[in-house]
């Protein structure tokens with residue numbers, strides 16, 4: 001068996017801190033999000049020396065292992081079997097063997113499986129060691145030219161229903177940069193929904209195919225992002241970033257009037273029309289209502 005790999009020790013609450021936790025170590029290893037060269041020396045060494053690798057998809061991880069000549073055995077740990085497999089892996093750790101947890105790409109647990117295993121290891125006083133590296137979240141954030149802090153990460157948004165609308169409404173009103181994942185076939189719908197809530201002038205960024213041959217990181221007002229992606233096929237998982245509410249571009253009166261004259265709003269009462277336009281543009285209803293009366 002390979003020698004143990006040194007790492008940080010997390011002890012359960014109420015434990016004797018003078019005694020290290022028994023058992024093996026669980027390493028949370030970040031892997032490339034596209035370009036296979038984006039992996040740390042420490043990650044490669046860890047994957048070589050552990051007893052077992054728990055992988056979200058053994059076929060995907062298998063390509064990485066083959067590329068670096070890593071022969072460590074793997075076991076599948078994904079969203080459909082995590083509850084059952086966590087106990088098995090926990091037993092391996094408790095027997096003193098080290099295990100590495102990896103996702104298909106990037107840092108495990110960031111909208112990927114692994115949380116239940118990590119929580120179980122923590123409850124049982126086992127060592128949990130992060131091996132940091134690639135993350136599409138931080139890669140997109142630092143290249144977006146949007147305010148880097150504070151930011152909030154939401155994973156994947158609800159796909160439909162009231163929960164989706166409430167989530168979008170909440171994040172468009174937040175004063176932090178908002179980050180979430182989106183699939184290519186839902187990207188345009190999401191951009192249209194954002195435009196309805198906070199207006200087409202709010203800055204946003206779409207980062208897709210990160211670190212790959214066709215990488216694209218584009219930051220524009222939402223309306224122009226819609227135009228851009230309506231005219232080309234969308235491929236690859238997307239990271240979407242929305243500028244903070246405080247970063248909204250100033251909306252002039254003519255823009256407000258253009259929305260008030262939208263044919264889809266003509267049948268609405270004045271109050272409802274003002275509320276709808278205010279929501280679209282991210283401005284106060286009072287301002288819209290006052291402009292309506294001035295232009296009458």
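We did not get these values from a lab; they are worked out from the coordinates using the rules stated. Given the structure is predicted, the values throughout are model-derived calculations rather than measurements. When we count neighbours, we look across all protein chains shown, and the Cβ atoms used for this are built from the backbone with ideal geometry, even at glycine.
Using only the alpha carbons of region 84-161, determine the length spanned along each of the three principal axes and report them from longest to shortest in whole angstroms.
The Cα atoms of region 84-161 stretch 48, 34, 22 Å along their principal axes.
Of the listed peptides 63-76, 128-141, what is their order by residue-averaged count of other C-beta atoms within 10 Å, with the highest listed first?
Packing proxy ranking, top to bottom: 128-141, 63-76.
For region 25-133, give me the percentage of DSSP beta bridges that are antiparallel, rounded to the nearest 5 percent. Mind dumping the intermediate values first?
Values: 1 of 16 bridges.
Looking only at bridges with both residues in region 25-133, the antiparallel portion is about 5 percent.
In degrees between 0 and 90, to the nearest 10, how far off the longest principal axis of the chain does helix 187-198 point, with axes built from Cα atoms?
Helix 187-198 sits at roughly 50 degrees to that axis.
Would you mind ranking 238, 142 by Cβ crowding within 10 Å, fewest neighbours first?
On the way: 238 24, 142 11.
Fewest-to-most Cβ neighbours within 10 Å comes out as 142, 238.
State, as an integer percentage, the relative contact order of region 253-294 based on alpha-carbon contacts under 8 Å between residues 6 or more apart. Don't jump to the answer; show the numbers that get you there.
Numbers: 24 pairs, mean separation 15.4, N = 42.
Dividing the mean separation by the residue count of region 253-294 yields 37 percent.
Quick one: check the C-alpha center-to-center distance for region 206-238 versus region 100-153, whole angstrom.
24
Relative to the longest principal axis of the chain, what angle (0 to 90°, nearest 10) does the C-alpha long axis of helix 161-172 take?
The helix 161-172 is inclined about 80 degrees to the chain.
Only bridges with both residues in the chain count here: give the DSSP antiparallel percent, nearest 5.
45
Given the -39500 (n - 2.57) contribution per DSSP H run of 4+ residues, what per-residue ellipticity at 222 nm results for the chain, rounded to the nearest 500 deg cm²/dmol?
Numbers: 11 runs with 112 residues, N = 296.
For the chain, the value works out to -11000 deg cm²/dmol.
Using a 7 Å offset from the Cα along the Cα-to-Cβ direction at both residue 71 and residue 145, what is the distance between the two label points in nm, to one decimal?
5.1
Can you put 251, 99, 277 in order, fewest other beta carbons within 10 Å first?
Sorted ascending by nearby Cβ count, the order is 251, 99, 277.
Using 0.36 nm per residue, how much length does the chain from residue 160 to residue 265 gain when fully extended, once their Cα-Cα distance is taken away?
Using 0.36 nm per residue and subtracting the Cα-Cα distance, I get 35.5 nm.
If I model a spin label as a point 7 Å beyond the Cα along the Cα-Cβ vector, how far apart are those points for residue 220 and residue 169 in nm?
Placing both labels 7 Å along Cα→Cβ, they lie 3.0 nm apart.
Treating the angle as unsigned and between 0 and 90°, give the value, to the nearest 10°, between the Cα long axis of helix 270-281 and the longest Cα principal axis of the chain.
With both axes taken from Cα atoms, the answer is about 40 degrees.
If the viscosity is 0.692 mPa s and the temperature 37 °C, what Stokes-Einstein diffusion coefficient in µm²/s follows for region 182-251 when Rh is the Kirkwood radius over Cα pairs?
It comes out at roughly 269 µm²/s.
Could you give the alpha-carbon Rg of region 137-247 over 2.2 N^0.38 Å, rounded to two decimals?
0.96
How far apart, in nanometres, would the label points at residue 60 and residue 119 be if each is projected 7 angstrom from Cα along the Cα-to-Cβ direction?
It is 2.2 nm.
Could you tell me how many cubic angstrom of Cα convex hull volume region 253-294 has per residue? Don't skip to the end; give the middle numbers.
Working: hull volume 2.5 nm³, N = 42.
Dividing the Cα hull volume of region 253-294 by its residues yields 59 Å³.
Mind checking which of 201, 209, 79 has the largest fluctuation in a GNM of the chain, springs on alpha carbons under 10 Å?
Fluctuation is largest for 79.
When the Kirkwood hydrodynamic radius is evaluated over all pairs of different C-alpha atoms of the chain, what value in angstrom, to one decimal, is obtained?
Every distinct Cα pair counted, the radius reaches 21.8 Å.
Over region 151-208, consider all pairs of different Cα atoms and compute the Kirkwood hydrodynamic radius from their mean reciprocal separation; express it in Å, one decimal.
Kirkwood radius, region 151-208: 11.8 Å.
Using only the Cα atoms of region 201-296, what do you get for the radius of gyration and for Dmax, in Å?
16.9, 55
With a 10 Å Cβ neighbour count serving as the proxy for reagent exposure, in which order, fewest first, do 257, 85 appear?
257, 85
Which one, 232, 25, 200, has the greatest fluctuation when you compute a Gaussian network model over the chain with C-alpha springs under 10 angstrom?
Fluctuation is largest for 232.
Over the chain, what relative contact order in percent results from Cα pairs under 8 Å that are six or more residues apart? Show your work: numbers first, answer last.
Numbers: 535 pairs, mean separation 51.5, N = 296.
Relative contact order, the chain: 17 percent.
Bin width 5 Å, alpha-carbon pairs only: give the P(r) of region 25-133 as whole percents, running from 0 to the bin holding the largest distance.
In whole percents, the pair-distance histogram is 2, 13, 27, 28, 19, 8, 2, 0.
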